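Notes follow the structure.
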Amino acid sequence: KDYLRKQQKLSLTEGLYILEKIARGLAYAHQEGFVHADIKPANIYITDNNLVKILDLGIAHAFTEAKKDAPSAADELTKNALTPAYASVQMLQGEDTLPADDIYALGCVAYEIFAGKHPFLDEKARAVQADEAQKRGMQVEIIPQLPKRYMRAIKKALNFERELRFKDAG
């Protein structure tokens with residue numbers, strides 16, 4: 001978060017490097033049956049030697065069928081502990097969190113990396129939650145300097161409909 005604030009937006013090479021590392025970490029978590037549920041710039045750490053780490057797994061939880069049969073007390077305590085500006089419509093509506101919801105948050109982070117701002121802003125330049133952005137019919141603005149294929153991927157990640165996003169970070 002601090003790095004983005006200082007840099008404002010990143011070069012294509014640097015941004016793709018960071019996003020690839022985040023995506024690989026999320027892909028591993030998703031493959032193992034876990035969803036982070038709070039991906040945002042403040043939960044990404046870049047070390048002095050450019051290692052990218054995903055932090056704050058405090059509300060991460062299993063999404064497997066077995067877990068649905070026996071939710072723990074911790075699952076209930078952390079169910080709504082999310083960051084609204086990075087949460088999907090489905091998370092904001094209290095639905096079970098799935099890997100595609102991490103993808104929505106990753107799309108927000110990717111947009112910020114290349115545009116220097118959250119993908120959905122109100123008239124006072126404040127981040128708008130996904131459910132409100134959907135109600136307002138807000139669209140993701142094209143980032144002119146970003147190659148079209150990357151812009152398409154970000155737009156897909158930011159789709160308000162869960163089934164139209166990438167299903168996981170793999």
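The values are calculated or read from the model by the stated rules, or taken from the named source; none is laboratory data. Values in this document were obtained by computation on a predicted structure and should not be read as measured data. For neighbour counting, all protein chains shown are included, and Cβ atoms are generated from backbone atoms with ideal geometry for every residue, glycine included. We work out accessible area using only protein heavy atoms, side chains counted, and drop any ligands, DNA or RNA first. Shrake-Rupley method; radii C 1.70, N 1.55, O 1.52, S 1.80 Å.
General observations
- Consider segment 157-170 and keep the residues that are in a helix (DSSP H, G or I) and in contact (Cβ under 8 Å) with a residue 40 or more places away in the chain. The one that is nearest to the chain's Cα centre (by Cα) is ALA157.
- Of ILE18, ILE39, ILE22, all but one fail to be at pLDDT 95 or above, closer than 18 Å to ALA157 by Cα, touching a strand residue (DSSP E or B) at 6+ places or on another chain (Cβ under 8 Å) and in a loop (DSSP other than H, G, I, E, B); the exception is ILE39.
- For segment 26-36, a residue qualifies if it is closer than 10 Å to LEU57 by Cβ and part of a helix (DSSP H, G or I), and exactly one does: ALA29.
- Conditions (1) open to solvent by 50 Å² or more (accessible area, probe 1.4 Å); (2) out of contact with any His (no Cβ under 7 Å at 6 or more places or on another chain); number of the one not met by ILE113: (1)
- Matching residues, segment 144-167, being open to solvent by less than 50 Å² (accessible area, probe 1.4 Å) and within 13 Å of GLY107 (Cα to Cα): MET151, ALA153, ILE154, ALA157, LEU158, ASN159, PHE160, ARG162, ARG165
- Scope segment 24-44; condition surrounded by 13 or more Cβ atoms within 10 Å (Cβ to Cβ) and either under 20 Å from HIS118 (Cβ atoms) or among the polar types (S, T, N, Q) (or both); matching residues: LEU26, HIS36, ALA37, ASP38, ILE39, LYS40, PRO41, ALA42, ASN43, ILE44
- Residue pairs meeting the criteria (Cβ under 9 Å; at least 6 apart or on separate chains; first more than 14 Å from LEU121 (Cα to Cα), in segment 135-149; second surrounded by 10 or more Cβ atoms within 10 Å (Cβ to Cβ) and among the hydroxyl-bearing types (Ser, Thr, Tyr)): ILE143/TYR111; ILE143/TYR150
- Restricting PRO84, PRO71 to residues that are modelled with pLDDT of 95 or more and either open to solvent by 30 Å² or more (accessible area, probe 1.4 Å) or of a type in the set (D, E, K, R) (or both) narrows the list to PRO84.
- Filtered residues of segment 119-143 (kept if under 15 Å from VAL109 (Cα atoms), of a type outside the set (Gly, Ala, Ser) and either open to solvent by less than 90 Å² (accessible area, probe 1.4 Å) or in a helix (DSSP H, G or I) (or both)): PRO119, PHE120, LEU121, VAL128, GLN129, VAL140, ILE143
- Candidates ARG162, ARG136, ARG149 - the one that is of a type in the set (D, E, K, R) and within 27 Å of ARG5 (Cβ to Cβ): ARG136
- Residue in segment 102-120 that is farther than 22 Å from VAL52 by Cα and at pLDDT 95 or above present: yes
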